[in-house]
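Asks: Quick one: the structure is below, questions incoming.
The values are calculated or read from the model by the stated rules, or taken from the named source; none is laboratory data. Not measured: the values here are computed from a predicted model. Here the Cβ is made from the backbone with ideal geometry for all residues, glycine too, and neighbour counts use every protein chain on show. Accessible surface is based on the protein model in full, side chains and every heavy atom, while ligands, DNA and RNA are left aside. Shrake-Rupley method; radii C 1.70, N 1.55, O 1.52, S 1.80 Å.
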Amino acid sequence: MRAVKKEWLLGMLCVLSGVMLMVMHPVQAQAGQADRAAYRAVFDASYYSAAYPDVAAAYGNNADALLNHFISFGVKEGRNASAEFNPQAYRQRYEDLQAAFGSDMAAYCRHYVAYGKAEGRNGSADGQPVVAVQQADSQAQQTDSQTGTQNNGTAQSSAPAQSTQQASGTVIGTCTTSYVDNIPRATNVALAAQRINGTVVQPGGSFSFSNTILPRTSANGYVTAPIYVSGKKGTGTGGGVCQVSSTLYAAMVYAGLPATERHAHSLPVDYLPAGLDATIAGSYLDLKFTNTFSQPLLIQASANGGTLTVTLVLQ
């Protein structure tokens, strides 16, 4: 009887422990499930697979895997959830929702399903730049025309790069971001882009963004503009060069070129989603990479009229 009673007590202790864990941690479990449900409600796996050949090459038509990719990467990269909804575009379009939800992307999905659609709000990315990390090779363009879908300037950086060509003279990654022209910051953006433009990194060679654009001093042509300092907004010589380093990093991500050094900003930037930015500071924060390809890697960069484009080309 004592043995039976002891086993019964141990069993009850295990049950009670499980109940206590559920009581102590219900928010985390429910929040994860609730967010996934919100993303699922706006997600069209068939559309996602057809719209993004790089993702389809990695995950095929596996609906759960496609949803996982969208939640983990696609949302941050600005990809469409379906033909009619893009969370980043929805966020950018409505200031009242930005004030209410901030960076909670699942909340935008919930709002669109529960209220936005009925209110006639536009949830699509058509005609609105979201994030222009684009697949630039002809194979991707052909696939898009065959499926009847369009890139809409959305990011394509996280899936394995089976679709990336590595022949001589082939574009393997490109990113375009926007900035305000004709202000001091634009001077720094254009100057940094000019200084990395035409750089060739040999196979096995290393690249330092900070060294390439030279120290951010007035003697080197840089001017005073807004910067982030320790999580606060301020001003400093060279403000804006981090948009060039970030645009380069986003192109690297798509090209499958890993950074050997990269640092996120202390505050969100407005030209790329979280996870695709790369800040530099003095000589202690830099964006660096090693050319892991068997061919020389050419960096092309241009900044003109508020449009910054960085492209990586294998020669």
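Okay, residues lined up against (1) closer than 25 Å to residue 54 by Cα; (2) within 13 Å of the chain's Cα centre (by Cα); (3) among the polar types (S, T, N, Q):
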residue: 210; (1), (2), (3): no, no, yes
residue: 220; (1), (2), (3): no, no, yes
residue: 225; (1), (2), (3): no, no, no
residue: 239; (1), (2), (3): no, no, no
residue: 247; (1), (2), (3): yes, yes, yes
residue: 260; (1), (2), (3): yes, no, yes
residue: 266; (1), (2), (3): no, no, yes
residue: 269; (1), (2), (3): no, yes, no
residue: 272; (1), (2), (3): yes, yes, no
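Asks: If I ask for residues that are open to solvent by 40 Å² or more (accessible area, probe 1.4 Å) and in a loop (DSSP other than H, G, I, E, B), which ones from segment 60-83 would you list?
Replies: Those that are open to solvent by 40 Å² or more (accessible area, probe 1.4 Å) and in a loop (DSSP other than H, G, I, E, B): 61, 62, 83.
Asks: Let me ask you something else. Taking segment 84-99 as the region of interest, how many residues are open to solvent by less than 70 Å² (accessible area, probe 1.4 Å), assigned to a helix (DSSP H, G or I) and of a type in the set (A, V, I, L, M, F, W, C)?
Replies: Residues meeting the conditions: 2.
Asks: Now for a separate question. I need the full set of residues from segment 212-264 which are touching a residue at least 60 places away in the same chain (Cβ under 8 Å) and among the polar types (S, T, N, Q), in order please.
Replies: 243, 246, 247
Asks: Within segment 278-305, track down each residue that is surrounded by 14 or more Cβ atoms within 10 Å (Cβ to Cβ), modelled with pLDDT of 90 or more and of a type in the set (Gly, Ala, Ser).
Replies: Scanning segment 278-305 gives 278, 301, 302, 303.
Asks: Then there is this: Name the single residue, out of those in segment 72-93 being at pLDDT 90 or above and out of contact with any Leu (no Cβ under 9 Å at 6 or more places or on another chain), that is nearest to residue 256 (Cα to Cα).
Replies: Going through segment 72-93, the residues at pLDDT 90 or above turn out to be 80-87, 90.
Going one step further and asking which of them are out of contact with any Leu (no Cβ under 9 Å at 6 or more places or on another chain), we end up with 80-87.
Numbers: 80: 21, 81: 23, 82: 25, 83: 27, 84: 29, 85: 27, 86: 24, 87: 25 Å.
Going through the qualifying residues, I end up with 80.
Asks: Could you please find all residues in segment 31-59 being part of a loop (DSSP other than H, G, I, E, B) and either among the hydrophobic types (A, V, I, L, M, F, W, C) or open to solvent by 30 Å² or more (accessible area, probe 1.4 Å) (or both)?
Replies: Matches in segment 31-59: 43, 44.
Asks: Does any residue of segment 66-89 turn out to be free of Cβ contacts under 8 Å to residues at least 12 places away in the same chain, out of contact with any strand residue (DSSP E or B) (no Cβ under 6 Å at 6 or more places or on another chain) and more than 15 Å from residue 274 (Cβ to Cβ)?
Replies: Scanning segment 66-89, I find at least one residue that is free of Cβ contacts under 8 Å to residues at least 12 places away in the same chain, out of contact with any strand residue (DSSP E or B) (no Cβ under 6 Å at 6 or more places or on another chain) and more than 15 Å from residue 274 (Cβ to Cβ), so the answer is yes.
Asks: Something else now. Go through the residues of segment 153-164 one by one and say whether even a single one is over 24 Å from residue 303 (Cα atoms), modelled with pLDDT under 50 and in a helix (DSSP H, G or I).
Replies: No: segment 153-164 contains no residue that is over 24 Å from residue 303 (Cα atoms), modelled with pLDDT under 50 and in a helix (DSSP H, G or I).
Asks: Looking only at segment 262-288, count every residue that is under 16 Å from residue 226 (Cβ atoms) and touching a strand residue (DSSP E or B) at 6+ places or on another chain (Cβ under 7 Å) and tell me the total.
Replies: So the answer is 5.
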